[in-house]
Structures are given as C-alpha cells and as structure tokens.
1. Looking at I95, is it over 21 Å from F5 (Cβ atoms), surrounded by 12 or more Cβ atoms within 10 Å (Cβ to Cβ) and assigned by TED's automatic domain parsing to the domain that holds S36?
2. Would you point out the residue of region 100-143, among those that are in a helix (DSSP H, G or I) and without any contact (Cβ under 8 Å) to a residue 40 or more places away in the chain, that is nearest to P10 (Cα to Cα)?
3. Taking strands (runs of 3 or more DSSP E) that do not extend beyond region 1-86, which have at least 1 residues that are buried (at least 16 other Cβ atoms within 10 Å of the Cβ) and touching a Ser or Thr at 6+ places or on another chain (Cβ under 6 Å)?
4. Restricting the search to region 4-15, which residues are at pLDDT 95 or above and within 16 Å of the chain's Cα centre (by Cα)?
5. When residues of region 119-132 are filtered for being surrounded by fewer than 17 Cβ atoms within 10 Å (Cβ to Cβ) and not charged (D, E, K, R), how many remain?
Amino acid sequence: MAEIFNFDSPNQVAIAAIGEPGNRVFILQIRESATSLTVKLEKTQVAGMVQYIAMMLGDLDRLGHLPEAAAVIPPIEPRFAVGEIGVQYREDADIVVIQLTEMAEDEDQRAKIVLQITKELAGTLAIQGTSLIEAGRPTCPLCGFPIEPEGHPCPRTNGYRAPTP
C-alpha cells in the first residue's frame with residue numbers, strides 16, 4: 001500500500017538547490033507542525049511547476065501579501081524522488097493544491113503528497129523556484145543547452161564556434 005502524505009495547512013514550504021550549478025540537487029521541503037518531509041526533484045520539474053503556478057496565479061484576482069520565502073532546514077535527506085507533479089487551483093476553497101507522486105516502478109507502491117497552500121504561499125514558492133532556476137548555468141541562445149564555464153560546443157554550429165548572444 002502506498003503512503004499518502006496530506007498537508008492541509010503547512011507552516012512552511014521551501015525549494016532549494018544543493019551543490020554547484022551543473023551538479024545541483026533540487027529539493028522541496030514541507031513542514032507542518034512537528035512533521036517535516038523532503039523530496040527530490042529534477043530541475044525541469046521545478047521549472048515546469050513554478051512556471052505553471054505563475055501562469056495560473058496570473059489569471060486570478062490580485063494576490064494578498066506574499067510571505068517570506070522559507071529556507072530548507074536540515075536534515076535534508078529526501079524521502080523519495082518525485083516522478084509526477086500535478087497543480088490545480090480550487091476556486092471553492094481559494095487554495096492551490098500540489099500533488100507530488102513518487103517515481104517508482106510499481107504504480108500501487110508510489111507514495112503521494114497532497115499539499116494544500118494559499119495562493120500567496122504558491123506565489124512565494126514560484127518566485128523562490130524561479131530564482132533557483134535562473135541562478136544555474138546560462139543557456140545557449142541557439143540550442144538551449146547549458147553553457148559550461150570552460151566553453152560550449154554548440155550543436156547548432158557543429159561545435160566549431162561559440163554562440164553569439
């Protein structure tokens with residue numbers, strides 16, 4: 001039987017990146033009362049989730065005051081790696097629901113997190129995640145691949161010249 005973690009009113013939700021750009025691990029940490037849960041995400045998952053949240057919040061009425069971004073607190077050992085992410089706005093309750101499903105072979109054994117947060121906290125989460133993504137390696141304007149500190153053999157130029165901005 002798969003574990004289901006319900007967070008109806010978390011105290012804090014934080015996204016962080018551990019390590020150097022190009023070799024970072026992205027994590028999401030949820031804290032509610034005495035419970036703390038940390039999961040691992042891929043950079044593309046963080047980017048997709050925060051972009052969708054930002055787009056969704058842009059379609060809603062004006063947000064209230066955004067809370068301060070929370071920091072991840074040790075221990076940072078992820079409980080599992082996230083495979084699927086679902087985000088929705090529930091107009092009836094005026095909340096954002098984020099569902100995170102474990103990446104696992106057996107569908108019946110995948111743990112799930114159901115996170116219900118205010119749209120203001122979702123806004124803070126989107127800003128925090130966007131800042132993390134933008135703090136990584138710059139991307140090539142021609143191919144979209146990351147540019148390493150030692151250079152970038154761009155496949156769009158057959159690797160013979162550096163891309164021009």
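1. On the way: over 21 Å from F5 (Cβ atoms): no; surrounded by 12 or more Cβ atoms within 10 Å (Cβ to Cβ): yes; assigned by TED's automatic domain parsing to the domain that holds S36: yes.
So I95 does not fit the description; no.
2. The initial filter retains those residues of region 100-143 that are in a helix (DSSP H, G or I), namely 107-109, 119-134.
Adding the requirement that they be without any contact (Cβ under 8 Å) to a residue 40 or more places away in the chain leaves 107, 131, 134.
Details: E107: 27, S131: 22, E134: 26 Å.
Result: S131.
3. Numbers: elements: 4-7, 12-18, 25-32, 35-41.
In region 1-86, 25-32 are the strands (runs of 3 or more DSSP E) which contain 1 or more residues that are buried (at least 16 other Cβ atoms within 10 Å of the Cβ) and touching a Ser or Thr at 6+ places or on another chain (Cβ under 6 Å).
4. Hits for region 4-15 are V13, A14, I15.
5. Within region 119-132, the subset surrounded by fewer than 17 Cβ atoms within 10 Å (Cβ to Cβ) is 120, 127, 131.
So of that shortlist, the ones also not charged (D, E, K, R) come out as 127, 131.
Residues flagged as surrounded by fewer than 17 Cβ atoms within 10 Å (Cβ to Cβ) and not charged (D, E, K, R) within region 119-132 amount to 2.
The values are calculated or read from the model by the stated rules, or taken from the named source; none is laboratory data. Fair warning: this is a prediction, and the values are worked out from it, not measured in the lab. Every residue, glycine among them, receives a Cβ derived from its backbone with ideal geometry; neighbour counts consider all protein chains shown.
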